[in-house]
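Only one structure is covered here, and it is reproduced in the block below.
The values are calculated or read from the model by the stated rules, or taken from the named source; none is laboratory data. Remember, predicted model here, so these are calculated numbers, not experimental data. For neighbour counting, all protein chains shown are included, and Cβ atoms are generated from backbone atoms with ideal geometry for every residue, glycine included.
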């Protein structure tokens, strides 16, 4: 048979396959779960978008699908909470599964694989978030330690000599009704001062 006829026959079979699979998928899943664009990119939402236990996978059918494996990615912005290691694991698992089923409609098989393993995927997300939280707390503590050490080693103000009981009693006796020392409590008694200095001058003569 001429090559052009074989290629036309293949494309016809591919078209029938894709149309039939599209109809089947849209009858199984709700529009909120699954949508198929005009370029045959299947977008599947696992759980409600926006929650930590959800993600979106894109499965793009090539021109000769299902005789060629589809392109799979998790590059949607809403998947930013997924650890990179988990993304790689999911894509590798789906690619391996696609290779095993090449030649037959396999998008349903890929989606059901995601649904069956959702619990383990979400557990890995929780563990990754917990590890990140512990790391962040450790970094916060390590940043705070130098500040705390500096605060603890700060020199304390030097206190004056401690007063004796009699000195404290005399100081209390000077307080007025409001608990304050009266104005001029520490002024020098001029008369007393002159007497003392005058007597010293007489003795020196």
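Tabulated data
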{"quantity": "Breaking point among (1) over 30 Å from residue 128 (Cβ atoms); (2) free of Cβ contacts under 8 Å to residues at least 24 places away in the same chain; (3) touching a strand residue (DSSP E or B) at 6+ places or on another chain (Cβ under 9 Å), for residue 58", "calculated": "(1)"}
{"quantity": "Filter result (out of contact with any helix residue (DSSP H, G or I) (no Cβ under 8 Å at 6 or more places or on another chain) and surrounded by 13 or more Cβ atoms within 10 Å (Cβ to Cβ)) within segment 51-63", "calculated": "58, 60, 62"}
{"quantity": "Filter result (touching a helix residue (DSSP H, G or I) at 6+ places or on another chain (Cβ under 9 Å) and either in a helix (DSSP H, G or I) or at pLDDT below 90 (or both)) within segment 117-143", "calculated": "121, 124, 125, 128"}
{"quantity": "Residue count for segment 67-76, restricted to those that are surrounded by 14 or more Cβ atoms within 10 Å (Cβ to Cβ) and in a loop (DSSP other than H, G, I, E, B)", "calculated": "6"}
{"quantity": "Segment 12-47, subset under 16 Å from residue 106 (Cβ atoms) and assigned to a loop (DSSP other than H, G, I, E, B), residue nearest to the chain's Cα centre (by Cα)", "calculated": "29"}
{"quantity": "Segment 38-50, residues that are at pLDDT 95 or above and out of contact with any helix residue (DSSP H, G or I) (no Cβ under 6 Å at 6 or more places or on another chain)", "calculated": "41, 43, 45"}
{"quantity": "Matching option when the condition is modelled with pLDDT of 95 or more and either within 21 Å of the chain's Cα centre (by Cα) or part of a helix (DSSP H, G or I) (or both), among 114, 82", "calculated": "114"}
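Results for (1) in contact (Cβ under 8 Å) with a residue 40 or more places away in the chain; (2) farther than 22 Å from residue 131 by Cα; (3) not in a loop (DSSP other than H, G, I, E, B), shown as yes or no for each residue.
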position	(1), (2), (3)
49	no, yes, no
62	no, yes, no
65	yes, yes, no
78	no, no, yes
93	no, yes, yes
96	no, yes, yes
